[in-house]
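Engineer: Mind having a look at this structure? Questions to follow.
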Amino acid sequence: MIYRRTEEEIELQRESSLLVGETLAEVARHLRAGITTIELDKIAETFIRDHGALPAFKGYGGFPASVCISVNDEVVHGIPGNRVLKEGDIVSIDCGVLKHGFYGDSAYTFPIGEIEPEVMLLLERTKNALYEGIAKAVDGMRVGDVAYAIQSYIEQFGYGIVRELVGHGVGKKLHEKPEVPNYGRRGTGPKLTEGMVIAIEPMINLGLRNISQDDDGWTIRTIDKLPSAHFEHTVAIKKNKADILSSFDMIEEVLKQKRK
Ligand code: MG
Ligand code: MG
């Protein structure tokens, strides 16, 4: 079952999705070498609850924390803990909230201080790939058009595209149909129609596409130990242009201020 939302429902989901962006911005304010990932998790959880929402990931499938924090070669689903961030790390933070019965889901990969230029390029290009996909997320296109746009943009750089994990419909449940892969063929897959809401989330590896899961049952990492980036937006399908319900604006304002 693929759901289509009314205008009113989409506005509720925009509120949830924007709260995710604000939460990631709040976390970004505190991001620095020397902080632990569990401290960041607490900041996110407090911020979400203070805004009348619930952290969507807490307890989801047994996940023990409020956000997923994945460092360097960790792709996604990292569990916050006592790990201390250091200069040169990259940190992917994936956040979901539930408010007024609707979920928002968004992720951003942050550099800690100065990072290797080739890793900075990986971050920029993974974010670009997300927007390449979003550009195809309009009424009448198919999921494969989004997937192909991401794949064809990324493959020119020789990066690995994670295939085992995909984007998804998002609404009254965190994960709904359809699945939205980051690789695929044009003109294939479910048709996108006005009112559908999907999370698009390329997970891109500097090296090989292959991943493994840690013994903790959650953490996904690259098998070649090279870094991986993850950017995600919640997007509503409209007639001529995707409506991006989440936002990186608040996050990037914080990052700009911190560079000054
Ligand atoms: Mg997410
Ligand atoms: Mg997601």
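Engineer: Would you confirm, using the coordinates I've provided, whether N205 is open to solvent by less than 20 Å² (accessible area, probe 1.4 Å), closer than 21 Å to Y148 by Cβ, out of contact with any Ser or Thr (no Cβ under 8 Å at 6 or more places or on another chain) and modelled with pLDDT of 95 or more?
Structural biologist: On the way: open to solvent by less than 20 Å² (accessible area, probe 1.4 Å): yes; closer than 21 Å to Y148 by Cβ: yes; out of contact with any Ser or Thr (no Cβ under 8 Å at 6 or more places or on another chain): no; modelled with pLDDT of 95 or more: yes.
No.
Engineer: If you go through the range 81-107 one residue at a time, how many are in contact with a strand residue (DSSP E or B) (Cβ under 7 Å, 6 or more places away or on another chain), within 25 Å of N210 (Cβ to Cβ) and open to solvent by 10 Å² or more (accessible area, probe 1.4 Å)?
Structural biologist: Looking only at that region, the number is 2.
Engineer: Please list, ordered by first then second residue, the pairs with beta carbon atoms under 9 Å, 6 or more apart or interchain, first in the range 246-260 and in a loop (DSSP other than H, G, I, E, B), second open to solvent by 30 Å² or more (accessible area, probe 1.4 Å).
Structural biologist: Between residues of the range 246-260 that are in a loop (DSSP other than H, G, I, E, B) and residues that are open to solvent by 30 Å² or more (accessible area, probe 1.4 Å), the close pairs are S246/R14; S246/L18; S247/L18; S247/E22; F248/K127.
Engineer: Under 8 Å between Cβ atoms, which residue pairs at least 6 apart in sequence (or on different chains) link something in the range 168-181 that is closer than 21 Å to F63 by Cα and part of a loop (DSSP other than H, G, I, E, B) with a partner that is away from ligand 2 (no atom under 12 Å from the Cβ) and aromatic (F, W, Y)?
Structural biologist: G171/Y3; G171/F102; K172/Y3; K172/F102
Engineer: Looking at this structure, is F110 under 19 Å from H233 (Cα atoms), part of a loop (DSSP other than H, G, I, E, B) and in contact (Cβ under 8 Å) with a residue 24 or more places away in the chain?
Structural biologist: no
Engineer: Return the residues of the range 25-72 that are in contact with a Pro (Cβ under 8 Å, 6 or more places away or on another chain), open to solvent by 10 Å² or more (accessible area, probe 1.4 Å) and assigned to a helix (DSSP H, G or I); say none if nothing qualifies.
Structural biologist: Scanning the range 25-72 gives I38, E45, R49.
Engineer: Being more than 17 Å from H230 (Cβ to Cβ) and open to solvent by 60 Å² or more (accessible area, probe 1.4 Å) is the filter here, so list the residues in the range 179-193 that pass it.
Structural biologist: Pass one, the range 179-193, residues more than 17 Å from H230 (Cβ to Cβ): 184-193.
Within the range 179-193, R185, R186, K191 qualify.
Engineer: Follow-up question, since we're still on this one. Report whether or not G189 is over 22 Å from I93 (Cα atoms), modelled with pLDDT of 95 or more and in contact with a strand residue (DSSP E or B) (Cβ under 6 Å, 6 or more places away or on another chain).
Structural biologist: yes
Engineer: Take the residues in the range 1-24 that are out of contact with any Asp or Glu (no Cβ under 9 Å at 6 or more places or on another chain) and in a loop (DSSP other than H, G, I, E, B); name whichever of them is most open to solvent (accessible area, probe 1.4 Å).
Structural biologist: T6
Engineer: Kindly provide the set of residues from the range 197-216 that are more than 16 Å from ligand 2 (Cβ to nearest atom), touching a residue at least 60 places away in the same chain (Cβ under 8 Å) and assigned to a loop (DSSP other than H, G, I, E, B), ordered by number.
Structural biologist: Matches in the range 197-216: L206, D216.
Engineer: May I pose another question? Considering only the range 229-249, how many residues are surrounded by 18 or more Cβ atoms within 10 Å (Cβ to Cβ) and in contact with a Gly (Cβ under 8 Å, 6 or more places away or on another chain)?
Structural biologist: 8
Engineer: Looking only at the range 102-146, which residues are over 26 Å from L31 (Cβ atoms) and of a type in the set (A, V, I, L, M)?
Structural biologist: Of everything in the range 102-146, those that are over 26 Å from L31 (Cβ atoms) and of a type in the set (A, V, I, L, M) turn out to be A135, A137, V138, M141, V143, V146.
Every residue, every condition in (1) within 16 Å of ligand 1 (Cβ to nearest atom); (2) modelled with pLDDT of 95 or more; (3) open to solvent by less than 60 Å² (accessible area, probe 1.4 Å), yes or no:
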{"site": "R125", "(1), (2), (3)": "no, yes, yes"}
{"site": "N128", "(1), (2), (3)": "no, yes, no"}
{"site": "I134", "(1), (2), (3)": "yes, yes, yes"}
{"site": "V138", "(1), (2), (3)": "no, yes, yes"}
{"site": "Y148", "(1), (2), (3)": "no, yes, no"}
{"site": "I154", "(1), (2), (3)": "no, yes, yes"}
{"site": "Y159", "(1), (2), (3)": "no, yes, yes"}
{"site": "G167", "(1), (2), (3)": "yes, yes, yes"}
{"site": "K177", "(1), (2), (3)": "no, yes, no"}
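The values are calculated or read from the model by the stated rules, or taken from the named source; none is laboratory data. Owing to the predicted nature of the structure, the values given are computational and were not obtained by experimental measurement. Don't worry about glycine lacking a Cβ; one is built from the backbone with ideal geometry, like all the others, and counts go over all protein chains shown. All accessible areas refer to the heavy atoms of the entire protein, side chains included, with ligands and DNA or RNA removed. Shrake-Rupley method; radii C 1.70, N 1.55, O 1.52, S 1.80 Å.
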